[in-house]
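Shown next, in structure tokens, is the structure this report addresses.
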Amino acid sequence: MDADSPDSPVNRFTEPGAAVDSVFDVKVVFRGTHDQVDLGQVPDLFLPRVGPFSLIDYEKIYATDPEQDFFELREIDEGGCVVVVRPDQYVAHVLPLTARAELIDFLGRSMLEARGR
């Protein structure tokens, strides 16, 4: 999902001018070890600039343990998925990466759209 798109859940439900991670704490898990992740290819959504000095928050990017296949152990499709986790750590929904409309519909049932959008 394009982070700049007005249909992006991050844009749709985050107030204009607010920190990109003020509503959603978006993380990504890459298959492979940490040294195989090319930070130059990671979308900006997973590298938000935060705080008064606009420092990059690298704590949104994870890689798998080479000893265990994270994706295989959890039966996650090779194409990846979106996991919606509530603040109380309850897994509310699991969707394929291609399920943009379903994700927006699901979030729209319990969240208010940002004003000024």
For the range 7-56, enumerate the residues that are of a type in the set (Asp, Glu) and under 13 Å from the mean Cα position of the chain (by Cα). 21, 25, 44
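Yes or no, residue by residue, for (1) exposed (fewer than 15 other Cβ atoms within 10 Å of the Cβ); (2) among the polar types (S, T, N, Q); (3) without any contact (Cβ under 8 Å) to a residue 40 or more places away in the chain:
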| site | (1), (2), (3) |
| --- | --- |
| 5 | yes, yes, yes |
| 15 | yes, no, no |
| 19 | yes, no, yes |
| 24 | no, no, yes |
| 37 | no, no, yes |
| 40 | yes, no, yes |
| 47 | no, no, yes |
| 53 | yes, no, yes |
| 58 | yes, no, yes |
So in the range 25-54, with the set limited to residues that are among the aromatic types (Phe, Trp, Tyr) and under 30 Å from residue 67 (Cα atoms), which one is modelled with the lowest pLDDT? 30
Taking the range 59-87 as the region of interest, how many residues are part of a loop (DSSP other than H, G, I, E, B) and either closer than 16 Å to residue 30 by Cβ or more than 17 Å from the chain's Cα centre (by Cα) (or both)? 15
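The values are calculated or read from the model by the stated rules, or taken from the named source; none is laboratory data. This one's a predicted model, so the numbers in the text were calculated from it and none came from an experiment. Every residue, glycine among them, receives a Cβ derived from its backbone with ideal geometry; neighbour counts consider all protein chains shown.
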